[in-house]
1. Pairs under 7 Å by beta carbon, first residue in contact (Cβ under 8 Å) with a residue 12 or more places away in the chain in segment 1-28, partner open to solvent by 70 Å² or more (accessible area, probe 1.4 Å) and in a helix (DSSP H, G or I), six or more apart or different chains?
2. Just to be sure, is Thr52 farther than 16 Å from Ala124 by Cβ, among the β-branched types (Val, Ile, Thr) and surrounded by fewer than 20 Cβ atoms within 10 Å (Cβ to Cβ)?
3. Quickly run through segment 313-355 and pick out the residues that are closer than 28 Å to His3 by Cβ, touching a Gly at 6+ places or on another chain (Cβ under 6 Å) and of a type outside the set (Ser, Thr, Tyr).
4. Quick one: count up the residues across segment 53-67 that are in a helix (DSSP H, G or I) and either touching a Pro at 6+ places or on another chain (Cβ under 6 Å) or of a type in the set (D, E, K, R) (or both).
5. With Ser117, Ser87 as the choices, which residue is open to solvent by 50 Å² or more (accessible area, probe 1.4 Å) and in contact with a helix residue (DSSP H, G or I) (Cβ under 6 Å, 6 or more places away or on another chain)?
6. Is there a residue in segment 244-262 that is among the β-branched types (Val, Ile, Thr), at pLDDT 85 or above and in contact with a helix residue (DSSP H, G or I) (Cβ under 7 Å, 6 or more places away or on another chain)?
Amino acid sequence: MQHFSHLDSAVLARLFLRPPRRIEPSDDLATVAAALGATLYMPATRADLAQTLAKRSREGVCSLVIDLEDAVADHNLEHAITNAVASLEQLAAEEPLGSLVFVRARTPEQIRRICSSLTHGATALAGFVIPKFTAKRGAAFLDEIIDASDSHGKRLLAMPILESAEVVFRETRDTELVAVRELLGQHRDRVLAVRIGATDMCGMFGIRRDRDLTIYDVRVVADVISAIVNHLGRSNDSGFVITGPVWEYFADHERMFRPMLRQTPFVEQEAVRFRQQLVSHDLDALLREVALDRANGIQGKTVIHPSHVPAVHAMSAVTHEEYYDALDILESDEGGVRASGYKNKMNELGPHRNWAKQTMLRADAFGVTNEGITFVDLLTELADR
């Protein structure tokens, strides 16, 4: 997979000092996880599932999920499983997507059934998303993924979703997260990333957040996210990539309200009109949430609508300033402090080292922008595609 590969070479040269490199599924897990970006879910019941997966891949989506869980009614489940298998077989028979395709399975038995039904289709399958993951029920899912990997002779990856009551409720949270960390640590060679199921978390309190709020404004859920990052997102051998929760709103009408984004970057880029378009298309709060995701140690995001993908990917590119700060920090392992080449901050060579390493992984996946290029420029180009 290669981000922004659907842009032509002249546009890439104008936008990027270092364009994104191609990431192979066989690369180390940290590299692949950094490249997930916006992970787009779609119901397994879609009649045109294979065609839609291929279309979204051509449009720049690099990670896709065929959903057999919440997106499928119980009475449609048999059809959904059959359709998922048939779609994977169809994808395997055609030109490779260039995107990672996962299946979100309800039960371990579904993983076994799907994988035993696949012939060539396994070549199009990157792995499985595991809903409502707990230390108690998660082991069976992971065991099935191991067995399927052995059967098909390829590394199938796992992405557990943390969204259960054991993680959400305060009295069991820390005990459960310690147990989850220990279980995932035993399967480190196949756990690609840990996903956060904020919609289920909100449901436990009868909450549905408004489109003008980010998930970090919902304090009871923000506390859970903080605990997940604390236990599972550490920058050491026990840590995993944590991906951002779903943004569930998309535009169906024009609207006006006080924008959440600062005017400055848009005014500087003479893009006020484009900014108004973003506001009217419900992307302003999404952009703010993506920025808060990264500030809280989270990479990538679950999305349910194609219009969200450009926003997540534009915000994922490494800026010229970030890149040169990271280079400055990594060029010495002796510690100390030095002024940023941008002369607007101090780079502490010890405390900022892990940030710099993560920034370089993101630079490989999403590229480094030219000086003066911002996410607004990227969004403008992506919105025209």
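1. Final answer for the pair search is His6/Arg58.
2. Judged against the criteria, Thr52 is not a match.
3. The answer is His313, Ala317.
4. Of the residues in that region, 3 qualify.
5. Values: Ser87 fails: open to solvent by 50 Å² or more (accessible area, probe 1.4 Å).
It is Ser117.
6. Here is the first cut: in segment 244-262, the ones among the β-branched types (Val, Ile, Thr) are 246.
Applying the additional criterion that residues be at pLDDT 85 or above yields 246.
Then keep just the ones that are in contact with a helix residue (DSSP H, G or I) (Cβ under 7 Å, 6 or more places away or on another chain); that gives 246.
Yes.
A quick yes/no check of all residues on (1) aliphatic (A, V, I, L, M); (2) not in a helix (DSSP H, G or I):
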site	(1), (2)
Asn347	no, yes
Pro351	no, yes
Lys357	no, no
Asp364	no, no
Gly372	no, yes
Leu379	yes, no
Leu382	yes, no
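Each row is one residue, and each column tells you yes or no for (1) modelled with pLDDT of 90 or more; (2) open to solvent by 30 Å² or more (accessible area, probe 1.4 Å).
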position: His313; (1), (2): yes, no
position: Val318; (1), (2): yes, no
position: Tyr323; (1), (2): yes, no
position: Ala339; (1), (2): no, yes
position: Asn347; (1), (2): no, no
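The values are calculated or read from the model by the stated rules, or taken from the named source; none is laboratory data. If you're wondering where the values come from, they're calculated on a predicted model, not measured in any experiment. All Cβ positions, even for glycine, are placed from backbone atoms using ideal geometry, and neighbour counts span all protein chains on display. For the accessible areas, the whole protein counts, side chains as well, though only heavy atoms, and no ligand, DNA or RNA atoms are used. Shrake-Rupley method; radii C 1.70, N 1.55, O 1.52, S 1.80 Å.
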